[in-house]
Amino acid sequence: MSQYPNHAATDMQHVRTVVEQLFSSSSPQIERVAVGVSTYVYRILARNTTWYLRVLPEEGASFVPEAEVHTQLRQMQVRVPEVIFVEPYNELLQRSIMLTTEIPGQSLALSQHLGEKVLAEIVRDAGRDLARINSLPVDGFGWVKRDLTTSAGMLQAEWPTYRAFIDEYWNADLGYLANHVLVMSEIAQLERVYTAYDRWLNLEQSCLVHGDFDITHIYQDQGHYSGIIDFGEIRGADRWYDLAQFSMYKWELLPWPLEPALLRGYEEIAPLPANYEAHIHFTSLLTSVRALARSLQKRPPNDYTHHLLQMLRTNLARL
C-alpha cells in the first residue's frame, strides 16, 4: 500500500519534454503504465530498447534512496532494474525522477501457462534474491526516508525501534476494528497474541524489505527467472515482512501455492530457524491489522478487505 496520498497524474507533455532531453531525441514512444500506486510509471521505447521513467507523486521526496537500493543490490548480483539516471528534483515536473532499464519478460501473475513445476523453480530463484534484499541493513524502522536532505548511500527509516514502528497505530487500529468488523473475543485474542510474542518486537537492527512482495513483482522471461521490480514501498522492518506479504497474497491468480518454493530458495541464502512459521504468521497478523483498518477507513468493504479479514483470522488461529 502506497505511503503517498492520491495525486493528479503528471502532465504528459512535460513528461515528453523530459524524456526527449534524456534521450536527445524528438521521437521516443511514451505510454503511461497503469499498474503501480507508489509512483507514476512511463514506458519508453527509444534506441530500440525499452526503458522506464518513474516520477514520485510527492513534492519534496527523492528517488535517491531507492536508486541507492538498486545500485547496492545489483552489486550483489540481485536481478533488479539498473538505474540509468536519477534526479532528486526535476524543475519541469517539480518532482524527483528516475530512469531504469527493463526487466525482460512478464510477471508471474500473467504466467500461469508455464505450469506449477516451472513457476516453482522461478519462485525459488526469486527467494534467493529476496534473501539478499533482506540482508541490506537500514538505520531505523518504517518507511525509508525519501526527503531531499537524505544523503546518498544512507538508508534511514522513520522510527528508532521496531516496537515504536508497530505501536504507532496498533491500539487505534484495534479500537477501529472492534467498532466495525471484529468481535470482542477476537480483540482479546489479538491482545493475548501480541503479549505472547512481545519479545519479537525487541529488534536491534532492521533490514531492507521490498514492502509489496508478491507474484506481480516477480518476472520471468521464456520460463526463466528474470528479476524483481518495483521498490517503491521499501522500508526497514524485520526479515519476516516480505515473507509474510507473500503468504498473504490472493492465490486466485494462480492455482498453486508457491510459498514453499520461495522459502526453499530463501533458506539457501539465509537459513531459517525452527520457528520460522510462527514468525511469518505473527508478522502477517500485524500487517493484516494495519492494512485492514487503514483500508476500511478509506473505502467501503470490498474483496480486498474481505481477504485481509480472512488472513487476519487465519493467522490468529495459527498462533
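Structure notes:
- Between region 101-118 and region 132-166, the Cα center-to-center distance that results, in Å: 31
- Take every Cα pair under 8 Å whose residues are at least 6 apart in sequence, average their separation, divide by the length of the chain, and the relative contact order is 18 percent.
- Residue ranges 296-303, 166-173, 15-22 sort as 15-22, 166-173, 296-303 when ordered by packing (mean number of other C-beta atoms within 10 Å per residue, highest first).
- You can think of it this way: the chain between Ala317 and Ser27 has 98.7 nm of extra reach, that is 0.36 nm per residue less the Cα-Cα gap.
- Proxy reagent accessibility, fewest Cβ within 10 Å first, across Ser247, Ser25: Ser25, Ser247
- Electrostatic bookkeeping for Arg290 treats Lys and Arg as +1 and Asp and Glu as -1; over the other residues with beta carbon under 15 Å from its beta carbon, the sum is -3.
- Whole-angstrom gap from region 169-231 to region 289-313, using each part's C-alpha centre: 12
- Between 0 and 90°, nearest 10: helix 12-23 axis offset from the chain longest Cα axis: 70
- When the chain is treated as a GNM with alpha-carbon contacts under 10 Å, the residue of Gln75, Gln205, Gln220 showing the greatest mean-square fluctuation is Gln75.
- Helices in the chain, meaning DSSP H runs of at least 4 residues, each add -39500 (n - 2.57). Divided by all residues, the mean residue ellipticity at 222 nm is -13000 deg cm²/dmol.
FYI, it's all coordinate maths here, none of it is from the lab. If you're wondering where the values come from, they're calculated on a predicted model, not measured in any experiment. Glycine also receives a Cβ, built like all others from the backbone with ideal geometry; neighbour counts cover every protein chain displayed.
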